[in-house]
DNA sequence: AGTGGCCTTCGAAACGTTTCGCCAAAGGGG
DNA sequence: CCCCTTTGGCGAAACGTTTCGAAGGCCACT
């Protein structure tokens, strides 16, 4: 049988109230502290957090809802958020929504039923209605990577991120640049495409042609097909920017299959492991994923303590352009044209 | 204020016992069912799992302890285990032990304090004492990937896995084969090295020389350094087997930097994403990760229902050899020797 | 009509904590 | 030396469920 306060009371003669006080950092006299510690050690006692949660109305548990788990971005988020929250005594219940808005809504209900004290979410899409059960119960929510109106959010400066890639390419002499990005149905892709359009206009004076930024499926396959589509245009781009990790990976695969004189310059997004594997070393826009996670964790902890401003907070972090080997971004002489 | 049974009682006139019965699938008359459903909908009622857990002594929560989160293997495990257990109503608390045995022990205590009903663990090392708090409270534990004496375990047939790689290589004409594996301090590496040794002897009649299977650090760096060490031996292997994903990745990077005539044949371990990126298509031993996770989840669910045999269960799954492009495993003419 | 058995419902007592209000003893200032 | 405040401790009442034993209603069978 597992020990409870009652067993400690039996061994120490103290009241439940005093024992509770001890376990909650209240004032207890030295000799009594020792009595409790001794009894607890003998009993292998451990506080029952379920009972505690019932009475105190804090389960000391938070939920993390991910659009998918299988990405370096998301595992890093989980890992960091979990680490920080466990320090603060919170358990982290993880839920993978498998890219499905419906199951995302279901998962939020599930978590609310589990009485989580807060939620961190990397949302599937734009619709925020799935958070209603949380709002209704005043469970604080922090969104990562996607800006959610009315919700605390931690995001990167997507426009500046893409602009930094475009700038490197135009500085290297490129005038026709393609973008591999997903459809405008998610905040992230919308921002990145808009950032691309603005940056190209600012640097070349012209808006990019529509076929240079047609949406692709956001996946490795999408990146592969997208790059091939771009290089087969009648006026192909001399450089391509990828707006996400999967697209970068797919585009890199397509690159590998091309002769080196046909390869456009390529600026990818976000994956460091990739960078270690590919030679020549690729040029990448990298997100401060750890920081994104930590900021989200801190923000949530604030909310859990009832702190922070009344209105929703938005934290915007900067990205870094990791410049790779020259050949990955410089304008190549157009061999075919010289023939 | 959040609704409780008492609110439903107020609206329906039924007793708490009946309402409880309704929510636990007991027999309740049709009209009363409807009354409850109506009231619950109006109140946006949701069962409080914390209170339920206190009384029923099941928190409907399990813990997953990982040696690290940042690997495809582990994220797949988590994702599948979580999916299956959520179907059964369990929440999954995740804990990353960051490769540290001490923090792994701490994490188990933490989970026990959170009153988890069961634990899935991908252990850091061999020592099983960190599970003591769980055993002491009869919390069932299922280990994945590492065989733990006295604990239900789901593992792959490590010896056969490596043997299949060795067989392909010897069949292709190789007689000197190197192994990149970690130290014998973990079950997995011990088995894979033993499997290698046995398979080489069975196929060539000789034990491999020690310098062909010296332990490396289990990491990308270790794989990189290890491959370079092997090819600089006075009698270098013509083929190398990698016993783990990180080692494979590192070895691939080292491969990429070599002239194609110097590259040994390479059989890697376990990563499919890698396989999509690298050309020529690599040869890999792949684990049935999904199945590993599902078997573990089912086993744990059995234990949670008090089912299954009295003694610990060990489930051993087979791996598959994914044969890549010929050039990755065939014996090359030794160019240097012919000069 | 009486008896036995099932089905449904009920009241009340848990489950293991926290918290509220109260009390006694100790400490400090005038 | 008295009064006031602070400190440490206590009993009892929650928190929102589940569960146990009992009881009432209904039906079928003698």
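What follows draws every value from the coordinates through simple rules; no lab data is involved. What you see is a predicted model, and the numbers here were worked out from it, not measured in a lab. Glycine gets a Cβ as well: all are built from the backbone with ideal geometry, and neighbour counts include every protein chain shown.
Over the Cα atoms of segment A:128-213, how large are the radius of gyration and the largest Cα-Cα distance (Dmax), in Å?
For segment A:128-213, the Cα-based Rg and Dmax read 16.7, 55 Å.
What number, in nm² with one decimal, is the all-direction average of the projected area of the convex hull of the alpha-carbon atoms of chain A?
One quarter of the hull surface, i.e. the mean projection, equals 21.6 nm².
Sorted from largest down, give the three principal axis spans of the alpha carbons of segment A:55-178, whole angstrom values.
Projected onto the principal axes, the Cα atoms of segment A:55-178 cover 66, 31, 25 Å.
Given R₀ = 41 Å, what would the calculated FRET efficiency be for residue A:58 paired with residue B:34, taking r from the Cβ atoms and rounding to 0.05?
0.75
Based on the Cα coordinates of segment B:30-90, what is the per residue volume of their convex hull in Å³?
About 129 Å³ per residue, rounded to a whole number.
Based solely on C-alpha atoms, express the radius of gyration and the Dmax of segment B:1-111 in angstrom.
Computed over the Cα atoms of segment B:1-111, radius of gyration and Dmax are 19.4, 57 Å.
How many partner chain Cβ atoms sit within 10 Å of a residue's Cβ in peptide B:62-73, on average, as a whole number?
Mean shielding by partner chains, rounded to a whole number: 2.
Between residue B:261 and residue B:21, what is the spin-label point distance in nm, taking each point 7 Å from the Cα along the Cα→C-beta axis?
8.7
Per-residue Cβ counts within 10 Å, from other chains only, averaged over A:93-101: what number is that?
For peptide A:93-101, the averaged partner shielding equals 4.
Averaged over A:111-118, how many beta carbons belonging to a partner chain fall within 10 Å of each residue's beta carbon?
4
If we restrict to alpha carbons, what Rg and Dmax does the protein assembly as shown come to, in Å?
28.5, 97
Show me the ranking of peptides B:88-96, A:143-151, A:238-246 by mean Cβ neighbours inside 10 Å, starting with the highest.
Highest-to-lowest ranking by the protection proxy: A:238-246, B:88-96, A:143-151.
Quick one: with label points 7 Å out along Cα→Cβ, list the inter-copy distances for residue A:327 in nm, shortest first?
1.5
Return the Rg/Rh ratio of segment B:5-47 with Cα-based radii and a Kirkwood Rh.
Across segment B:5-47, the Cα-based Rg/Rh ratio is 0.90.
Rg(Cα) of segment B:161-251 divided by 2.2 N^0.38 Å?
For segment B:161-251, the normalised Cα radius of gyration is 0.97.
Taking 41 Å as R0, compute the FRET efficiency from the Cβ-Cβ separation of residue A:281 and residue B:291 and round it to 0.05.
Between residue A:281 and residue B:291 the formula returns 0.65.
What is the helix-to-structure angle for B:72-87, meaning the angle in degrees between its Cα long axis and the longest Cα principal axis of chain B, kept from 0 to 90 and rounded to the nearest 10?
20
Can you give me the Cα centroid spacing of segment B:51-80 and segment B:197-274 in angstrom?
So the separation of the two Cα centres works out to 35 Å.
If you project the alpha carbons of segment B:190-339 onto the principal axes, what extent comes out on each, in Å, largest first?
Between the extreme Cα coordinates on each principal axis of segment B:190-339 lie 69, 35, 26 Å.
I'd like to compare A:21-34, A:163-176: which one has the highest average count of other Cβ atoms within 10 Å, and what's the full order after that?
The densest-packed peptide leads the list: A:163-176, A:21-34.
With the label 7 angstrom out along Cα to Cβ, how close does residue A:25 come to the same site in each of the other copies, in nm, nearest first?
Spelled out, the distances from residue A:25's label point are 4.2 nm.
Give me P(r) over segment B:107-146, computed from all C-alpha to C-alpha distances, binned every 10 Å, as integer percentages.
Distribution as computed: 30, 62, 9 percent.
Rounded to the nearest 500 deg cm²/dmol, what is the calculated helix-only ellipticity per residue at 222 nm for chain A, with -39500 (n - 2.57) per DSSP H run of length n ≥ 4?
-14000 deg cm²/dmol
Compute the helix-to-body angle for B:220-231: its Cα long axis versus the longest principal axis of chain B, expressed 0 to 90° and rounded to tens.
Tilt relative to chain B: about 20 degrees.
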